[in-house]
Amino acid sequence: MTLEELQAQCDRVPFFRFLDFDITSADDESVVASMVQSERHIGNPAIGAFHGGITASFMEAIASVTVSRNWDILLPKPINLTSDYLRPALAGTLFTRASISRKGRRMASIETVAWQADPEKPVARGLFHFLLV
Amino acid sequence: MAETDANTNAEEKLEQIASLWNSRGRGLITEMDLKIEKAARDGVRLRMPFNPDFCADDEATLLQGGILTALLDSAFGLANFLAIEDVENMATLDLRVEYLRPAQSRADVIVFAECYRQTRHVTFNSGRVWFDTPGLPEVARGFASFSITRGENSLIDRMLKQDQSSDT
């Protein structure tokens, strides 16, 4: 699947359009995307930071795209998630890389990392399980 | 009797604070269009109307899980805000969400969230999400911890002061 096809698939999901992210690279192990902050992403009005739920949703979306690309499942079923918030996600662009930890027949385990200016200083990490059947 | 009056006053104050939090908020909380149904120290209950923008499909039959995660995170924030009088600042440390069944309904979504334990620096939160539809099916459960800063200049006081100054 090309990047354009992946992006087109994402753009068919209303909530992914609400998040409004761009897939920037994709291979067999991982998918990377970027999301520029809009007013609707804001959680903490005092510092204009991304809402923690939006950061988790963005990581979940890219985890889901990783599953879609590798298993050819349009909407993999999310089972659960854990999001670890490491630093505030401030105004600007948020990046996420989602990587396959375990590729099973019925389950997929995907780990994600989100960062802003410096990939060495992640703002959040995530762990997402999907049901494939 | 006096105690009952004090409780009623406290409840009214909490409801006032919760509405301020809701109406003064910006960003995602505005998009979610939350209605406060209960605002107390031992928990909050919020209603989120159905919104096709939060769906996984254009036919709007299924809510995307992420919006339920965002709803839980918001509700935990408000629960802490009401439960901890001297909270100056807070940040989510971690969040775990379990998707118990597909969120397949156009009914309003209800979330209940509580801070069931607070220490000097940390809160422990849990919450449930269900559809306001017969059988009230539970669609998600969440847990979180927040890192909090306590102090004299509490968020609640700052917000109430801002509100008074904007009225005059």
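The values are calculated or read from the model by the stated rules, or taken from the named source; none is laboratory data. Here the structure is a predicted model, which means the values were calculated and not measured. We place every Cβ from the backbone using ideal geometry, glycine too, and count neighbours over all the protein chains shown. For the accessible areas, the whole protein counts, side chains as well, though only heavy atoms, and no ligand, DNA or RNA atoms are used. Shrake-Rupley method; radii C 1.70, N 1.55, O 1.52, S 1.80 Å.
Numbers for the structure displayed
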{"read-out": "Against the rule of thumb 2.2 N^0.38 Å, how large the Cα Rg of segment A:3-131 comes out", "value": "0.98"}
{"read-out": "Per-residue mean of C-beta atoms belonging to partner chains within 10 Å, peptide A:57-67", "value": "2"}
{"read-out": "Over chain B, relative contact order from alpha-carbon pairs under 8 Å, at least 6 apart, %", "value": "22 percent"}
{"read-out": "Partner lysines for A:Lys121 [C-alpha distance under 29 Å; skip if fewer than 8 residues away on the same chain]", "value": "A:Lys103"}
{"read-out": "Surface per residue (accessible, 1.4 Å probe) for chain A, Å²", "value": "45 Å²"}
{"read-out": "Relative contact order of chain A, pairs being alpha-carbon contacts under 8 Å that are 6 or more residues apart, as %", "value": "24 percent"}
{"read-out": "Set of lysines with alpha-carbon distance to B:Lys13 below 30 Å, sequence-local pairs under 8 removed", "value": "B:Lys35, B:Lys38, B:Lys161"}
{"read-out": "Shielding by other protein chains, A:98-111, mean Cβ within 10 Å", "value": "0"}
{"read-out": "Segment B:119-168 versus segment B:28-92: alpha-carbon centroid distance in Å", "value": "9 Å"}
{"read-out": "Which of A:Phe21, B:Phe112 is most accessible, then next, and so on - probe 1.4 Å", "value": "B:Phe112, A:Phe21"}
{"read-out": "Peptide B:59-69 - average C-beta neighbours from other chains (10 Å radius)", "value": "6"}
{"read-out": "Solvent-accessible area of B:Ile29 with every protein chain in place, 1.4 Å probe, in Å² to the nearest 10", "value": "20 Å²"}
{"read-out": "Heavy-atom accessible surface of segment B:2-167: percent carbon and sulfur, 1.4 Å", "value": "46 percent"}
{"read-out": "Sparsely packed GluC sites (Glu not before Pro) within segment B:22-126, loop by DSSP, other Cβ within 10 Å at most 11", "value": "B:Glu59"}
{"read-out": "Loss of accessible area when A meets B, both sides summed, Å² nearest 100, probe 1.4 Å", "value": "2400 Å²"}
{"read-out": "For segment B:2-167, the spread of Cα positions along each principal axis, largest first, Å", "value": "49, 33, 32"}
{"read-out": "Rule-of-thumb Rg ratio for segment A:10-49 [Cα; 2.2 N^0.38 Å; N residues]", "value": "1.43"}
{"read-out": "Rg to Rh, two decimals, where the protein assembly as shown supplies the alpha carbon set and Rh follows Kirkwood", "value": "0.98"}
